[in-house]
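Undergrad: Submitted below is the structure of interest, expressed as structure tokens.
The values are calculated or read from the model by the stated rules, or taken from the named source; none is laboratory data. In this text the structure is predicted, and so the values were computed from the model without any measurement. Every residue, glycine as well, gets a Cβ built from its backbone with ideal geometry; the counts of neighbours run over all protein chains shown. Remember, those area values only see protein heavy atoms, side chains included, never the ligands or the DNA or RNA. Shrake-Rupley method; radii C 1.70, N 1.55, O 1.52, S 1.80 Å.
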There are 2 protein chains.
Amino acid sequence: MAWQRKILRVDLSSGSVATEPLNMDWAFQYIGERGLATKYLWENMDPKVDAMSPENVLIFATGPLTGTMASTSGRYAVITKGPLTNAIACSNSGGKFGADLKYAGYDLLLLSGKSPQPVYLHIVDDQVEILPADELWGRSVWETEAWIRSQQQNPHLKIACIGVAGERGVYYSCIVNDLHRAAGRSGVGAVMGSKNLKAIAVQGTKGVTVADPKKFMQVTYEMKKLLENDPGRKGLTKLGTNAMMETMQEFGGLPTRNFQQVQFDGYDKVGARGMRVRKPNGHVNLITNKACFGCTIACGRIAHIDKEHFTIVNRKEYWHASGGLEYETAYAFGPMVGVDDIDACTFAGFLMNEHGMDPISFGVTLAAAMELYEMGVITREDTDGVELNFGNAEALTIMAEKTGKYEGFGQVLGLGSKRLCEKYGHPELFMGVKGQEFAGYDSRALQGMGLGYATSNRGACHLKHDTFEVDMDDQSGNGKAKPCKTSQDFVAMIDSTGLCLFPASAWGTTEFQQQIDAACEGDWNEQRILECGERTWNLERQFNLAAGLTAADDTLPPRLLEVPAPGGTAKGKVCELDKMLPEYYAERGWTSEGVPTEHTLNRLGLT
Amino acid sequence: MAWQRKILRVDLSSGSVATEPLNMDWAFQYIGERGLATKYLWENMDPKVDAMSPENVLIFATGPLTGTMASTSGRYAVITKGPLTNAIACSNSGGKFGADLKYAGYDLLLLSGKSPQPVYLHIVDDQVEILPADELWGRSVWETEAWIRSQQQNPHLKIACIGVAGERGVYYSCIVNDLHRAAGRSGVGAVMGSKNLKAIAVQGTKGVTVADPKKFMQVTYEMKKLLENDPGRKGLTKLGTNAMMETMQEFGGLPTRNFQQVQFDGYDKVGARGMRVRKPNGHVNLITNKACFGCTIACGRIAHIDKEHFTIVNRKEYWHASGGLEYETAYAFGPMVGVDDIDACTFAGFLMNEHGMDPISFGVTLAAAMELYEMGVITREDTDGVELNFGNAEALTIMAEKTGKYEGFGQVLGLGSKRLCEKYGHPELFMGVKGQEFAGYDSRALQGMGLGYATSNRGACHLKHDTFEVDMDDQSGNGKAKPCKTSQDFVAMIDSTGLCLFPASAWGTTEFQQQIDAACEGDWNEQRILECGERTWNLERQFNLAAGLTAADDTLPPRLLEVPAPGGTAKGKVCELDKMLPEYYAERGWTSEGVPTEHTLNRLGLT
């Protein structure tokens, strides 16, 4: 109940397509989605293999609540070894693709091997076909979706695919589904491309059965009411995530020009307010908001660009509406590269969408390249003649296009910031952790965020823990270890349900527990679901240790550890990671080397 | 083309259901069905494993011509390690099940492992489900078919299943499909039962595509014309296989009372004539004939029993029509056990059908038990009080029922003749080869048949070679090795196409080649298709050698080698196997120990 109790395996080398019963022992230990897929990954591959090799395993995972009437039930996760980080990658996404995968009858889809030719996967319930994608190779995400629907003459297909970036191995390529949603981080799209898999098109008609339908209806109704009245939800619906721009500017935690500054003069032009303002020519960036399947928040934005203003690339398809700026995109294409042109930022966002790339990693990589350019390390000869100064809006869009198409200097930007900075002899300029670039929060201003960045299993990430409130309350490293650990386990639990992180502004452990317990067979109390989250976190850590990572990878760049914040509320502060990290290891029941103790592993049933 | 290019794997231990592309290299080397399945068996299991263990693999295989418009295109083969013989088992069957399996999109179905509970497999095109069969366990073949169709509310399902005999491990249990057709020999049903698999229900809607449709239509039309005008075909249509009873009686090759005699006084009562005669009470055994899917011969018989006459078991369902006597059943239940009661033979045949057992092996085993009973070795205490004399029609039906239900002495009869004779200290009375019982031909009268029996890879068998004409012409062992070898390869080729052996009365290599070549991609000349047959034969031999069999298993019972035929045209003769076998090994390119030489293996691409 709530699980479909069946997984789908596709070996792209042999063309074998297999289903098998879901391992219910594992489902009871990991719930679903992120946790359960981590367990399947652990059992099905050697963490040491090259992330881009056929031996890597790519898992699409739904949770027990995916596709149910719970709010935000459109989530699925992609779990694999990430090429950007050489650590476990765990990216989730909304839209409706996940719900359809589940309706087709599958809790998880495991992909192994590598197809000899480009292919796409076509799934309609029990019908699973590996079909040629030669005509799709080289096409954009949007072309791919249209082509498959047309070829299959089936408008009901939900499609997750990669763009050219994923085909060509840009290390932060993402997997885009339902046109505007993406499993964005850690390069899961590059793994998909390395397997010669262009797309997965799925239609499901089987529905989902919950354990206690009456109770589930009642509980989810109450939870939707809670969410409806929640101020955090209201802000997300009205302004989207980009409202954060103003908050970070005021707080002085807005990473600017590769973290050289913590505030950005043009913040208001590319933030939520900038999206809503009517320009003198009458243009407004924002058209409307948009919800994922089952969601009662609708944080997504639909925007368009000002074609009168915008002359950089005359591609008329971009005049039409597409996914508008979320905060992380706005941060990475705005303050981080010093650009205050909302049309350029929006257009670069469209390009990320079209070519299938993570805007955070692209923007932060470009910022590092800009710093190196201003230092004179990178020159116009490297950049195909483009002036790569901070603030050059045209450079932003040109480089987005070049990287997406894997052309010229785009191939260098496609390495990601860590490899790029190493290539040019300045590894200290890489702003990220474990090879993955930072989101839009400076950890000198938000200390717990710094600890979360340093310890996140998929590399620098703002979505795998939540210390926001304690960080705003206290800008020292004191008392951050416990809330960091606790929230990591809490988020790992949420990520394992099939629901979104965002309702957590209204729902605590109790609210998630009630929905899980009504939907799933078995007895799910609060302690148990949090333990599932902790188990997942520790298994991810085990994966990374087995892959060769160590405590030395739980660190931050010297710019955050040694260079005092140049302004804002944390002016003069550095990130106190050296204080927080040992406390965190202790909280986790890990050794001072960051290794889970036997006692911890025993307690979680991980031995 | 002609192949579906996809195989289905079901692992009953894990519940995994997988499809993968057909290995086309192997298809080009083995055509399909018997040959191709032998290759898959060879590549997917250790020949040394216990045939009844989960490690045995059970393959249902169609050929490229299965389901096409060629005549007799309803064939499929079951390939596995046989528990009766501990050698490779290869049983094929008609009906429509094979065509539907192919229409569902699969060339082969590979079953491995063992289900924890009784299950049946439900296949409708891409939908493949392993469903509980607890309610089916203990049910007859006929009940099983009705139950599944009712449960699935789908009258189009074609069903292959086992009866209680297969569930309980009767060593010669068969797999019955379409109620009256069976993959009959070597205990393939016992393997299915050992896997807790009661039935496979399949509906296919995908059709088959041939390489050259126009040519294929023309060729198959011509072949049907040839068949229509063939005297052998006419005899089969009119009289069925049981016309052979009279031929063997006249020739003196009709095994009687466990091969103690070679002619049987009551032969005419249980032969084709006996099926058509109107008794004084007005009853006629034969109702009509019946064809398998696509067949233009229709050798099958539908008969009923005389309820006035027949009082042994009062089960009214048997008053209705069911599968009538074929020659091998009539031989095994008539002369072999000395019974001349056509109703008893027909009823025992119904029981074989209902319980899923091979009538040849059952009858020959019963004959050995009767000989041991008349010798005083087996007593009424052993037989649950039943008089087991030759000629006891009631004993025949009672023991058929007991064996089918695995009750009392039926459990001993269920061992098969070899194990039964060994159990009672008289292994010399086992009339068969490699653990499998003889069909209705005495190899003192038909010398080439003796060589074929001795060398058949699945144990004593009349269907894997054809030396009938040379045997009728010359009753010595002279010149039998070459036609035996040649016909074995020819039959292995036919068994690999998806067509039936019986059109071979009208079709030679050329006629099969034309149909294969029109249906299949690639260039299929006569030499190539015969080489495929030879390759298959040698790979079967390799399997048996790897399983532990040796040249010592290529032998016949002393009664045929040492005791002169007591009558008929071969009176005074023994089977000259000692002369034929070395010639045969040489013809095959095998060592004097019956092992294929490196040269032979190289020539056939088997190294």
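Undergrad: Please compare each pair in A:6/A:464; B:81/B:206; A:81/A:195 to a cut-off of 19 Å on the Cα-Cα distance and tell me which ones are over it.
TA: Pairs exceeding 19 Å: A:6/A:464; B:81/B:206.
Undergrad: Can you tell me which of B:358-370, B:378-390 comes out highest on packing, and rank the rest after it, using the mean Cβ neighbours within 10 Å?
TA: My ranking of the peptides, most packed first, is B:358-370, B:378-390.
Undergrad: Would you work out if the stretch B:183-260 is rounded, prolate or oblate? Take a ≥ b ≥ c from the square roots of the eigenvalues of the alpha-carbon gyration tensor; rounded if a/c is under 1.5, else prolate when a/b is larger than b/c, oblate otherwise.
TA: The shape class here is oblate.
Undergrad: If amide H atoms are built 1.01 Å from N in the plane of the peptide, which residues on other chains or at least 5 residues away come under 5 Å of the amide H of residue A:175?
TA: A:183, A:189
Undergrad: Related question: Kindly list the residues of the stretch A:249-272 that lie in the label zone of residue A:562, defined by a backbone N under 18 Å from the point 7 Å along the Cα-to-C-beta vector.
TA: A:259-261
Undergrad: Expressed in whole Å with the largest first, what are the equivalent ellipsoid semi-axes of the stretch B:7-78 derived from the C-alpha gyration tensor as the square root of 5 times each eigenvalue?
TA: Whole-Å semi-axes of the equivalent ellipsoid: 24, 14, 13.
Undergrad: Across the stretch B:341-395, what fraction of all alpha-carbon pairs, as a whole percent, falls in each successive 10 Å bin from zero upward?
TA: It works out to 24, 51, 25, 1, in whole percents.
Undergrad: Give the cross-link partners of residue B:418 among the aspartates and glutamates, using a straight C-alpha distance below 12 Å as the criterion and excluding same-chain residues fewer than 8 apart.
TA: Partners within reach: B:428, B:437.
Undergrad: Take peptide B:9-18, look around each residue's Cβ out to 10 angstrom, count Cβ atoms belonging to other protein chains, and average those counts.
TA: So the per-residue partner count for this stretch is 4.
Undergrad: Taking only protein heavy atoms into account and a 1.4 Å probe, give the accessible area per residue of chain B in Å².
TA: Dividing the accessible area of chain B by its residue count gives 33 Å².
Undergrad: State the Cα centre-to-centre distance between the stretch A:582-607 and the stretch A:470-504 in whole Å.
TA: 19
Undergrad: Please report the buried accessible area for the interface of B with A, total over both chains, probe 1.4 Å, in Å² to the nearest 100.
TA: The B and A chains share an interface burying roughly 800 Å².
Undergrad: Compute the semi-axes of the equivalent ellipsoid of chain B, taking the square root of 5 times each eigenvalue of the Cα gyration tensor, and list them largest first in whole Å.
TA: 33, 29, 24
Undergrad: Which net charge results for the neighbourhood of residue A:267, defined as the other residues with beta-carbon distances under 10 angstrom from its beta-carbon, given Lys and Arg at +1 and Asp and Glu at -1?
TA: Counting the neighbours of residue A:267, the net charge comes to -3.
Undergrad: Quick one: compute the contact order of the stretch B:237-433, relative version, from alpha carbon pairs under 8 angstrom and 6+ residues apart, as a percent.
TA: Reported relative contact order: 19 percent.
Undergrad: Still on this structure, I have one more. Strictly greater than 22 Å: what percent of every Cα pair in the stretch B:237-433 meets that?
TA: 44
Undergrad: Could you list, in their original order, any pairs among B:290/B:571; A:96/A:485; B:238/B:279; B:96/B:234 whose Cα atoms are separated by more than 26 Å?
TA: With Cα atoms farther than 26 Å apart: B:290/B:571; A:96/A:485.
Undergrad: How many nanometers, to one decimal and shortest first, lie between the label point of residue B:607 and those of its other copies, if labels sit 7 Å from Cα toward Cβ?
TA: 5.5
Undergrad: Could you calculate the FRET efficiency of residue B:586 with residue A:43 from 1/(1 + (r/R0)^6), where r is the beta carbon distance between them and R0 is 56 Å, rounded to 0.05?
TA: Efficiency computed from Cβ-Cβ geometry: 0.55.
Undergrad: Run through all the Cα pairs of the stretch B:6-203 and give the fraction in each 5 Å bin from 0, expressed as whole percent.
TA: Over the stretch B:6-203, the share of Cα pairs per 5 Å bin runs 1, 9, 18, 23, 24, 16, 7, 2, 0 percent.
Undergrad: Next question, about the same structure. Using only the alpha-carbon atoms of the stretch B:264-310, report the extent along each of the three principal axes, biggest first, to the nearest angstrom.
TA: Principal axes ranked by extent give 37, 26, 14 Å for the Cα atoms.
Undergrad: To the nearest 0.05, what FRET efficiency results for residue B:377 and residue B:50 with a Förster distance of 35 Å applied to their C-beta separation?
TA: 0.75
Undergrad: So which residue of A has the beta-carbon closest to the axis that swings A onto B, and how many whole Å away?
TA: That would be A:18, 2.
Undergrad: So, one more: Taking the label point 7 Å from Cα in the Cβ direction, how far apart in nm is residue A:381 from each other copy of itself, listed shortest first?
TA: Copy-to-copy label distances at residue A:381, shortest first: 10.6 nm.
Undergrad: If you count, for each residue, the other Cβ atoms within 10 Å and average over each peptide, how do B:211-224, A:152-165 line up from highest to lowest?
TA: The densest-packed peptide leads the list: A:152-165, B:211-224.
Undergrad: OK, next. Mind listing the label-point distances from residue A:21 to the same position on all other copies, shortest first, one decimal in nm, points 7 Å along Cα→Cβ?
TA: With the label placed 7 Å along Cα→Cβ, residue A:21 yields 3.3 nm.
Undergrad: Work out from phi, with θ = phi - 60° and the Karplus expression 6.51 cos²θ - 1.76 cosθ + 1.60, the ³J(HN,Hα) of each residue of the stretch B:378-393, listed in order in whole Hz, and give x for Gly and Pro.
TA: These are the phi-based 3J(HN,Hα) values: 9, 10, 4, 5, 5, 9, 6, x, 8, 6, 9, 6, 4, x, 7, 5 Hz.
Undergrad: If you add up the charges near residue B:513, with Lys and Arg at +1 and Asp and Glu at -1, over every other residue whose beta carbon is less than 9 angstrom from its beta carbon, what do you get?
TA: -2
Undergrad: Any idea how far the Cα center of the stretch B:87-118 sits from the one of the stretch A:203-223, in Å?
TA: Using only Cα atoms to place each centre, the spacing works out to 39 Å.
Undergrad: Go ahead and estimate [θ] at 222 nm for chain B from helices alone: -39,500 (n - 2.57) per DSSP H run with n ≥ 4, summed, over the residue count, rounded to 500.
TA: Computed ellipticity for chain B at 222 nm equals -11000 deg cm²/dmol.
Undergrad: Here is a further query. List, in order, the whole-Hz ³J(HN,Hα) value for each residue of the stretch A:233-244 obtained from phi through the Karplus relation with A = 6.51, B = -1.76, C = 1.60 and θ = phi - 60°; use x for Gly and Pro.
TA: Running phi through 6.51 cos²θ - 1.76 cosθ + 1.60 with θ = phi - 60° gives 4, 4, x, 5, 5, 6, 10, x, 5, 6, 4, 4 Hz.
Undergrad: If you average 1/r over every pair of different alpha-carbon atoms in the stretch A:446-603 and take one over that average, what Kirkwood value in Å do you get?
TA: Taking every pair of different Cα atoms in the stretch A:446-603, averaging 1/r and inverting gives 16.5 Å.
Undergrad: Continuing with this model, one more query. Evaluate the relative contact order of the stretch A:198-299 (contact order divided by residue number), counting alpha-carbon pairs under 8 angstrom at least 6 apart; express in whole percent.
TA: So the answer I get is 23 percent.
Undergrad: With the contact rule set at Cα under 8 Å and sequence spacing of 6 or more, what percent relative contact order holds for chain B?
TA: 16 percent.
Undergrad: Over the Cα atoms of the stretch B:148-194, what is the Rg over Rh ratio if Rh follows Kirkwood?
TA: 1.05
Undergrad: Quick one: with all protein chains in place, what share of the accessible area of the protein assembly as shown is carbon or sulfur, to the nearest percent (1.4 Å probe)?
TA: Carbon plus sulfur share of accessible area: 49 percent.
Undergrad: Partner chain Cβ atoms within 10 Å, averaged over the residues of B:124-130 - can you pull that number for me?
TA: Mean partner shielding for this stretch: 3.
Undergrad: Let me know the shape class of the protein assembly as shown, please: from the alpha-carbon gyration tensor, a ≥ b ≥ c as square roots of the eigenvalues, rounded when a/c is under 1.5, otherwise prolate if a/b is greater than b/c, or oblate.
TA: Note, shape of the protein assembly as shown comes out prolate.
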